[in-house]
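Encoded as structure tokens, the structure appears first; notes follow it.
The values are calculated or read from the model by the stated rules, or taken from the named source; none is laboratory data. Because the structure is predicted, anything quoted here is derived from the model rather than measured. So basically every Cβ, Gly included, is an ideal-geometry build from the backbone, and we count neighbours across all protein chains shown.
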Amino acid sequence: MAARTLSENESAPPPRWRSLIMAGVATLVSLAILIGLGTWQLQRLAWKEGVIARIEARAHGAPGEILPEAQWDTFSRDEQEYRRVAVTGSYRFEDEVAVHGLLPGETRGQPLQGYYLLTPLELDTGAVVVVNRGFVPTPLVDEAARPAGALTVEGLVRASEERTPFVPENDPEAGQWFTRDLAAIADARGLDRVAPFYVDAVRDESADTAWPRGGATVLEPPNNHLQYAFTWFGLAAVLVAVFGVFSWKWLQGRAT
């Protein structure tokens, strides 16, 4: 059977309407994107407010004890992260990992390139807690302080870091680390009984050497998500207004 063809009365929208229809479709697609971005920023706002609340409630005051090893399998980021703790042990510098990173605003407002030193701290029980001892500029990484013997480290509990799409993958064989991935560090260094969290050491103002510099955790993270949400929703409103004006002028032009 031959394909049915459109008669003149059943044809697609007349050419004179196509520009308006195409503009309407483009507007709807753009509107959906802008509203989606605004909604996403509101979701990020709720998440950031939760992070700030946890920091304010847990990161200050006297340090407590870390989660006991028997409870490590129950570790929860929401319940434990940002707790201020003190842990005693001896560093295993032979298993230290240097993770690429930046120290914000140190050279005329520009980030300083270097490494964060993640060093396993062996407890008297034989278990291991990885400690982020702090930042070291690239030229000084070999000059970082490495204290021997037992010591007590004070810091904040942090969860293992997940790689984001724009961060390179770790290459343990080449010694190139870009994320604080505890499972990968334990595997690369052959560590057993490793805590599912690390301790971000606070900055020690009384230290004999400036590096490594602790205090990597930002205690006052920026929170501009509401502003960003208003921006996206505002652009959506402007888009609707522009399309409304365009449509009105178009119809007025067709009416004359």
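Taking only pairs six or more apart or across chains, which ones have beta-carbon atoms under 7 Å, a first residue in region 239-253 that is among the polar types (S, T, N, Q), and a second residue that is loosely packed, with under 14 Cβ neighbours inside 10 Å?
Listed by first residue and then by second, the contacts come to nothing, as the list is empty.
Can you pull out every residue in region 49-96 that is at pLDDT below 90 and of a type in the set (A, V, I, L, M)?
Hits for region 49-96 are V51, I52, A53, I55, A57, A59, A62.
Restricting to region 193-204, name every residue that is farther than 10 Å from V131 by Cα and modelled with pLDDT of 90 or more.
Residues satisfying the conditions are R193, V194, A195, P196.
Tell me, please, whether a residue that is out of contact with any Lys or Arg (no Cβ under 8 Å at 6 or more places or on another chain), assigned by TED's automatic domain parsing to the domain that holds G89, part of a loop (DSSP other than H, G, I, E, B) and closer than 22 Å to D124 by Cβ can be found in region 180-187.
Taking every residue of region 180-187 in turn, none turns out to be out of contact with any Lys or Arg (no Cβ under 8 Å at 6 or more places or on another chain), assigned by TED's automatic domain parsing to the domain that holds G89, part of a loop (DSSP other than H, G, I, E, B) and closer than 22 Å to D124 by Cβ.
Name the one entry in T179, T217 that is surrounded by 12 or more Cβ atoms within 10 Å (Cβ to Cβ), modelled with pLDDT under 85 and within 22 Å of W72 (Cβ to Cβ).
Result of the check over T179, T217: T217.
Which of the residues spanning region 141-162 are at pLDDT below 85 and within 16 Å of P212 (Cα to Cα)?
Result: V141, D142, E143, A144, A145, R146, P147, A148.
For region 220-231, state whether one or more residues are exposed (fewer than 14 other Cβ atoms within 10 Å of the Cβ), without any contact (Cβ under 8 Å) to a residue 12 or more places away in the chain, over 25 Å from the mean Cα position of the chain (by Cα) and closer than 30 Å to L31 by Cβ.
Within region 220-231, not a single residue is exposed (fewer than 14 other Cβ atoms within 10 Å of the Cβ), without any contact (Cβ under 8 Å) to a residue 12 or more places away in the chain, over 25 Å from the mean Cα position of the chain (by Cα) and closer than 30 Å to L31 by Cβ.
Of the residues L140, L102, L156, L117, which is farther than 17 Å from V199 by Cα and either under 25 Å from the mean Cα position of the chain (by Cα) or not assigned by TED's automatic domain parsing to the domain that holds D78 (or both)?
The conditions single out L102.
Which of the residues belonging to region 126-162 are in a helix (DSSP H, G or I) and hydroxyl-bearing (S, T, Y)?
T138
Look through region 124-168, keep the residues that are basic (K, R) and either surrounded by 20 or more Cβ atoms within 10 Å (Cβ to Cβ) or touching a Gly at 6+ places or on another chain (Cβ under 9 Å) (or both), and return whichever of them is farthest from Q71 (Cα to Cα).
Restricting to residues being basic (K, R) and either surrounded by 20 or more Cβ atoms within 10 Å (Cβ to Cβ) or touching a Gly at 6+ places or on another chain (Cβ under 9 Å) (or both), the top hit is R133.
Looking at the structure I just gave you, is D200 of a type in the set (D, E, K, R), buried (at least 17 other Cβ atoms within 10 Å of the Cβ) and farther than 30 Å from M22 by Cβ?
Against the criterion (of a type in the set (D, E, K, R), buried (at least 17 other Cβ atoms within 10 Å of the Cβ) and farther than 30 Å from M22 by Cβ), D200 qualifies.
Here are some residues: L103, L121, L112. Which one is closer than 27 Å to I66 by Cβ, at pLDDT below 90 and part of a strand (DSSP E or B)?
The conditions single out L103.
Could we say that A59 is small (G, A, S) and either out of contact with any Phe, Trp or Tyr (no Cβ under 9 Å at 6 or more places or on another chain) or closer than 24 Å to L191 by Cα (or both) here?
No: the conditions fail for A59.
Checking the structure you have, find out if any residue of region 213-226 is hydrophobic (A, V, I, L, M, F, W, C) and in contact with a Lys or Arg (Cβ under 6 Å, 6 or more places away or on another chain).
No, region 213-226 contains no residue that is hydrophobic (A, V, I, L, M, F, W, C) and in contact with a Lys or Arg (Cβ under 6 Å, 6 or more places away or on another chain).
List pairs: first residue in region 140-167 and within 20 Å of D78 (Cα to Cα), second residue among the aliphatic types (A, V, I, L, M) and assigned to a strand (DSSP E or B) anywhere in the structure, Cβ distance under 6 angstrom, at least six positions apart or on different chains.
Every condition considered, the pairs that remain are G155/V199; G155/A201; V157/V85.
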